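Heads up, the thing below is written out as structure tokens.
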């Protein structure tokens, strides 16, 4: 069945909304369970970044699987969090809650749905295709291994852990010996992820120019993640935060490639998001602080806060234009330096143009400005001769 690009883009923007809902539910349940730790909050924030970056890519290139893989990694992580917290809440509650067994079962294997998209993001980045046809068997084998391991966790585990004494309703006792090989499956995942990073390195070695600059960030992130995973196998204690920090490097590296090297051509969307997101936050803060300050000053005189609200509204309306222009210049200067320098070059040329009367000098300056801003391979100026 064919799905239009417009429908896919709407679905892409629905994914961070879904993550926000699942994340809020997970946080509420964690508070009720009394286990809201810094590590849990960090994981929720990290995988929300996956969903946001994936949404930006999928909304611009809905046929490229990389964006959907990133977003789905985030959604699977959120679903894992909320199912685990609900299972724990059900275990701590005296009465039986609906779906507690299903929540336990989901918490046992959904995390594989988080790791799988991360692996394939690295393997398919950035084009959405494998480095070559020779990688197809490795890709199929990785998918089969991940599916088998997920099935073992889903069907071979009697319960989630000691803190959640709720039975797995789909437990098959004959598969329990396979579940006891869980640590071996983690080592296998590290090997598969290393294979994906090897494919990325092979892609990097064949690239050149801007593509090479884009890929170097992702290669660095992939190598760092594999290194941290290997250290976690050798020294399991105390490496949780290192794992969290390494996981965040993948969407962060893709974000840097997007912002600095125009990856996926979504820099305009990022630009507008940064400007208007910061603008909205600044105007909201200005409005709230103005209402509070003016209310404190004017209430003794007027006996009402209506004047403070009206004054704050006018102040926000007046500040919108200048503040937006300042934020636009800051974002361009910080993240879009080439565009910022090009605008300054054009402005300087426009200022000199008012005083320039020599046509030959003007022609040379105009060609120079085009070279500095547009950077074409060749530029020349043709002037039509006037009639005498």
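None of the figures in this text is laboratory data; all of them are computed from the coordinates on show. Since the model is a prediction, treat every value here as computed from it, not as a measurement. Virtual Cβ from ideal backbone geometry, glycine too; neighbours counted across all protein chains shown.
Worth pointing out:
- Over the stretch 5-265, relative contact order from alpha-carbon pairs under 8 Å, at least 6 apart, %: 17 percent
- Here the extension length gained between residue 8 and residue 223 equals 74.2 nm, from 0.36 nm per residue of separation less the Cα-Cα distance.
- When 35, 53 are arranged by Cβ crowding within 10 Å, least crowded first, meaning fewest neighbours, the order is 35, 53.
- Inter-site label distance for residue 233 and residue 285 at 7 Å from Cα along Cβ, in nm: 4.5 nm
- Efficiency of FRET from Cβ geometry, residue 42 and residue 133, R₀ 35 Å, rounded to 0.05: 0.35
- Neighbour-count ranking [beta-carbon atoms within 10 angstrom, fewest first] of 124, 289, 279: 289, 279, 124
- Estimated FRET transfer efficiency (residue 191, residue 213; beta-carbon r; R0 25 Å; 0.05): 0.30
- Going by neighbour counts of Cβ atoms within 10 Å, the residues 88, 114 line up, fewest first, as 114, 88.
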